[in-house]
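What follows is a set of notes on a single structure, which appears directly below.
Just so it is clear, none of the values below were taken in a lab; they were calculated from the coordinates. The model shown is predicted, which means the values in this text are computed figures rather than measured ones. Ideal geometry is used to build each Cβ from the backbone, glycine not excepted, and the neighbour counts take in all protein chains shown.
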Amino acid sequence: MMMVSYKQYVTESRFGRMLGLGAMAASTLHGDFAKDWSKHYQTSNDPKKETRARVVTSRPYSVPADAERAIQIAAEIFAGDEGKTREQIVEYLRHTGAVESGYTTKVQRGGGPARSYWQVEPATAMDLVKNSAPLFGKKFHARFGDEALKQAQTFDMKKWSLGLEKYPELGATMAAAKWIASGWND
């Protein structure tokens, strides 16, 4: 299992060590992740959930190797979209997995429909590929194949549920698409 701590990420990022403390104080290098997550990803705008997200992302957490690989794939696909950098996408996906599942499950606790480390609901994935199809451009097709979007548009809830749970790269890609489609901005 690949271990990526917040400290390691800050040290390796393009901002380097000198911004590490400032970034920690701001919750992330690229904005207030907890507030962005609450508004654009989780969509509750719940201050209690934002506080929990801040606590989770302020502590070191482990990102499993399969999740990190999937995050890198998704960041490659969406880098530059809506003005988001690869680093922003990587950071937000790492934090999203930490907050949503703690990287301990790919099935929503309590029997809900969400799947993957990033807890994407099959209905959300279906909506994204059908109603936000322009997001899935050349880089998406280069990674997943020329017919990938057309195939994904035919998936039903069961197929999305199974796919999101089994294939981390699908979960991370749908989570990144959700972030990009949300209009999230720093």
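Quick one: order 117, 61 by neighbouring beta-carbon count within 10 Å, fewest to most.
With the fewest neighbours first, 117, 61 line up as 61, 117.
In percent, how large is the relative contact order of the stretch 6-181, given Cα pairs closer than 8 Å and 6 or more residues apart?
This gives 23 percent for the stretch 6-181.
Order the peptides 163-171, 130-138 from the highest to the lowest mean number of other Cβ atoms within 10 Å of their residues.
Ranked by mean Cβ neighbours within 10 Å, highest first: 163-171, 130-138.
Quick one: putting +1 on the C-beta of Lys and Arg, -1 on the C-beta of Asp and Glu, what dipole do you get for the stretch 6-181 around its Cα centre, in Debye to the nearest 20?
300
Taking 30 Å as R0, compute the FRET efficiency from the Cβ-Cβ separation of residue 123 and residue 62 and round it to 0.05.
Calculated transfer efficiency: 0.55.
Whole number please: convex hull volume per residue, Cα atoms of the stretch 54-186, in Å³.
Enclosed volume per residue, from the Cα hull, is 102 Å³.
Subtract the Cα-Cα distance of residue 150 and residue 130 from 0.36 nm times their separation in residues, and report this length gain in nm to one decimal.
The residue 150-residue 130 span can extend by a further 6.3 nm.
Placing +1 on the Cβ of each Lys and Arg and -1 on the Cβ of each Asp and Glu in the stretch 6-181, which of 131, 62, 42 has its Cα farthest towards the positive end of the resulting dipole?
Among 131, 62, 42, the one farthest towards the positive end of the dipole of the stretch 6-181 is 62.
Collect residues whose amide H, placed 1.01 Å from N in the peptide plane, falls under 5 Å from the amide H of residue 115; neighbours closer than 5 in sequence don't count.
Sorted by chain and number, the residues that satisfy this are 120, 121.
For the cross-link pairs 106/130; 48/138; 35/106; 39/159; 39/166; 49/84, which exceed 30 Å when the distance is taken from alpha carbon to alpha carbon?
Checking Cα-Cα distances, 48/138 exceed 30 Å.
Can you give me the distance in nm between label points at residue 35 and residue 141, each placed 7 Å from the Cα along the Cα-to-Cβ direction?
Placing both labels 7 Å along Cα→Cβ, they lie 3.9 nm apart.
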